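**Student:** Before I ask anything, let me first share the structure, which is written out below as structure tokens.
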Amino acid sequence: MDTHHLLFFFFFFTTTTTAAATTSSFAELLRFCGGARTASPQSFDVNFVDTMELISQKISQTGFGIASSANSNSSQRVFGLGQCFHYLSNVDCRLCYSECRVKLPLCLPSTTARVYLDGCFLTYGDHNFSQQPLDPRSDKALCGSPTPVCTIRGGGERVGGEFDVAAAAAYGERGYYMEGKVVVGGGVEVYGVAQCWRSLNKSGCRECLESARKSVVGCLPSSEGRALNVGCYVRYSTEPFYVVSQLRGDSKYARHRLVIALGSIFAAVVVIGGAIIWGIKGTAKSTDDGGILSDEREIAVKRLFVNTNQWLEQFFNEVNLISRVQHKNLVKLFGCSVDGPESLLVYEYLSNTSLDKFLFDSIRKAALNWRRRFDIVVGTAEGLAYLHESSEIRIIHRDIKASNILLDQRFKPKISDFGLARYFAEDQSHLSTGLAGTLGYMAPEYAVHGQLTEKADIYSYGILVLEVVTGCRNTRSAATLSGGHSLISKTWEHFNAKTLNEMLDSNLKGQCSEEQVVRVLTVGLLCTQASPNLRPPMWKVVEMLTSTAAELPIPTRPPYINIKSVDYSSDCSRTTYMYSSSSKSPVSVNEMSLSIMRGR
């Protein structure tokens, strides 16, 4: 490591730093909210979240997802469908879907709604609409600039004729997708795509595309036109939009965007009180897990390949917030380096890496006895209590999960990764912000309405508690749980049956009393209650864990209990390999920290 690049920051960035980072590029094209309203908004909201969670798992793998909630009450059942445009990369598809998830709940409590972004489509309803190709209420054509590019002799007719061919061919193509371009008079190139959702049959796709073709041709001679139907999408433009999208992952393109982003960020930085730059003399020698400086201090280096403005914002956000807090259960940031697209964060070295590397590994988890697991649960609670109540500034972490809990040589926990954290003023009741975090750990009120409070961290912490005691992930652990239910669902079933002790990790048998197991799991359920107002503050959680004198309240029903997870492993303790950064298996969106940096 080139240590002269380590910059030690003793200043705070002004709000212009955040403003300099641009929002995502998926512009909203159309949002339709139905006129009918659900009679039971709270139940409908919970079912909506269940459905969106199931769709997100499918979207992350194939770019398309269709699902419905498992609620037996048909009047509150929620159906959903999401699909990315075929030309998006997998990463862009996930980001686009996540932004749809921010916008679509704005239509609640409407029983039907859909949103089109410039890259993907997401819809929900109280009935099965998956085979519906058209909807006169919401199908719409959007025409772009009136610049008469296509009025060159024969241009309009040529473009219209090409769309006749494309619409006729797309429904016969694999994936119901067709793209291409046509050169009109004067050498002007016009690009176009036609795509149906995969839920339609061929006749439905043909019906939708024929309607869309008529709509979009009506935009001529404008330089751009879109047809946004409930079952398909057609677009033409004089700009090579699908070609540009496919190049987003190109390294030269990414580096060019990064240079622009870095320039705008550093131009906007205002130093308050001055800055001290310390150059570390000498060299550093590498180890397998960290680096050792010439003064014998041991450090860990977190590498970030910052290739979007959003990731750059997260980098500076982490430096800003973590430098303002100090607690025994928070990781210490020594400094950072910004040198091209690969940026570095320099932390204290923690020899046992992250909790998930032990907890979900069938061999290494043996090192986590009951005493250590209990200390991890309490220590993490103390760290969050400090962030929420006792630090110089109130902070909501937004991404509490096992992989963000680091362990020192004595297995004491330290909360890490503050890239998504947010400052929370004393006089604020909540923050309205874009969706960010890890979906399997995300509180329902935040996932649906984007209203962020410290209760979102408390919910994520509750999920973590259940995982620590059972040794299984909340999601993707269903293969070993009866009926295929998620961990939170199975824990709730055992609570009602008064058999919570049966959820204890088999590696811990004989190491603790039944009362201890029941108490810790009950605290986890109290933190994951559907109503945020019922979740105890973190200082109270610490008290409930460390003092056995007081009787615990009775938890109420948690959300998401109708979701059935999917796993490719026969043992939940081995699912760690599915999420390893070096694994070549598909990465679940539930283990990916998502961030859509757009205010609501």
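The values are calculated or read from the model by the stated rules, or taken from the named source; none is laboratory data. Predicted model only: the values in this text are computed from it and were never measured. When we count neighbours, we look across all protein chains shown, and the Cβ atoms used for this are built from the backbone with ideal geometry, even at glycine.
**Student:** Considering the stretch 105-124 alone, what residues qualify as being out of contact with any Leu (no Cβ under 9 Å at 6 or more places or on another chain) and not in a loop (DSSP other than H, G, I, E, B)?
**Tutor:** Matches in the stretch 105-124: Pro105, Leu106, Cys107, Ser110.
**Student:** Looking at the stretch 340-355, can you tell me whether even one residue there is of a type in the set (D, E, K, R) and modelled with pLDDT of 95 or more? Spell out how you get there, then give the answer.
**Tutor:** Going through the stretch 340-355, the residues of a type in the set (D, E, K, R) turn out to be 342, 348.
Adding the requirement that they be modelled with pLDDT of 95 or more leaves none.
The answer is no, given that none of the residues of the stretch 340-355 is of a type in the set (D, E, K, R) and modelled with pLDDT of 95 or more.
**Student:** Quick one: count up the residues across the stretch 194-216 that are crowded, with 21+ Cβ neighbours inside 10 Å and not polar (S, T, N, Q).
**Tutor:** Residues in the stretch 194-216 being crowded, with 21+ Cβ neighbours inside 10 Å and not polar (S, T, N, Q): 11 in total.
**Student:** Right, something else. Here is a list: Asp126, Asp135, Asp92. Which entry is over 23 Å from Pro444 (Cβ atoms), among the charged types (D, E, K, R) and at pLDDT 90 or above?
**Tutor:** Going through Asp126, Asp135, Asp92 in turn, the sole match is Asp135.
**Student:** Could you please let me know if Ser56 is hydroxyl-bearing (Ser, Thr, Tyr), over 30 Å from Val234 (Cβ atoms) and either more than 21 Å from the chain's Cα centre (by Cα) or modelled with pLDDT under 90 (or both)?
**Tutor:** When the stated conditions are applied, Ser56 does not pass them.
**Student:** Between Val159, Val184, Val115, Val190, which is at negative phi, modelled with pLDDT under 60 and of a type in the set (A, V, I, L, M, F, W, C)?
**Tutor:** Exactly one residue qualifies, and that residue is Val159.
**Student:** Which of (1) of a type in the set (Ser, Thr, Tyr); (2) at pLDDT 95 or above; (3) more than 17 Å from Val468 (Cβ to Cβ) does Tyr423 not meet, given it meets every other one?
**Tutor:** With respect to (1) of a type in the set (Ser, Thr, Tyr); (2) at pLDDT 95 or above; (3) more than 17 Å from Val468 (Cβ to Cβ), Tyr423 is out only on (2).
**Student:** Still on this model: Checking the conditions here, which among Met544, Met538 is of a type outside the set (D, E, K, R), in contact with a His (Cβ under 6 Å, 6 or more places away or on another chain) and at pLDDT 50 or above?
**Tutor:** After ruling out the rest, the residue left standing is Met538.
**Student:** Restricting to the stretch 493-547, what's the tally of residues that are over 30 Å from Ala447 (Cα atoms), outside any helix (DSSP H, G or I) and not hydrophobic (A, V, I, L, M, F, W, C)?
**Tutor:** Qualifying residue count, the stretch 493-547: 7.
**Student:** Here's something else I'd like to know. Given the condition among the hydrophobic types (A, V, I, L, M, F, W, C), within 16 Å of Arg198 (Cβ to Cβ), surrounded by 20 or more Cβ atoms within 10 Å (Cβ to Cβ) and out of contact with any Lys or Arg (no Cβ under 7 Å at 6 or more places or on another chain), answer yes or no: does some residue in the stretch 103-116 qualify?
**Tutor:** No, that holds for no residue.
**Student:** Of everything in the stretch 193-240, what is farther than 16 Å from Lys140 by Cβ, basic (Lys, Arg) and in contact with a helix residue (DSSP H, G or I) (Cβ under 9 Å, 6 or more places away or on another chain)? Give them in sequence order.
**Tutor:** Arg198, Arg206, listed by residue number.
**Student:** Go over the candidates Ile458, Ile463 one by one and state the one that is closer than 20 Å to Gln57 by Cα and either assigned by TED's automatic domain parsing to the domain that holds Leu420 or buried (at least 24 other Cβ atoms within 10 Å of the Cβ) (or both). Explain how you work it out, then say what you get.
**Tutor:** On the way: Ile458 fails: closer than 20 Å to Gln57 by Cα.
Result: Ile463 is the single residue among Ile458, Ile463 that is closer than 20 Å to Gln57 by Cα and either assigned by TED's automatic domain parsing to the domain that holds Leu420 or buried (at least 24 other Cβ atoms within 10 Å of the Cβ) (or both).
**Student:** Same structure, new question: Note down all Cβ pairs under 6 Å where the first residue falls in the stretch 205-219 and is outside any helix (DSSP H, G or I), the second is modelled with pLDDT of 90 or more, and they're at least six residues apart or on different chains.
**Tutor:** Cys219/Cys143; Cys219/Gly225
**Student:** Same structure again: Take the residues in the stretch 200-248 that are among the aliphatic types (A, V, I, L, M) and farther than 18 Å from Phe64 by Cβ; name whichever of them is modelled with the highest pLDDT. Before the answer, list the steps.
**Tutor:** Just the residues of the stretch 200-248 that are among the aliphatic types (A, V, I, L, M), to begin with: 200, 209, 212, 216-217, 220, 227-228, 230, 234, 243-244, 247.
From what's left, farther than 18 Å from Phe64 by Cβ: 212, 216-217, 220, 227, 243-244, 247.
Working: Ala212: 91, Val216: 87, Val217: 84, Leu220: 80, Ala227: 94, Val243: 71, Val244: 61, Leu247: 52.
This residue is Ala227.
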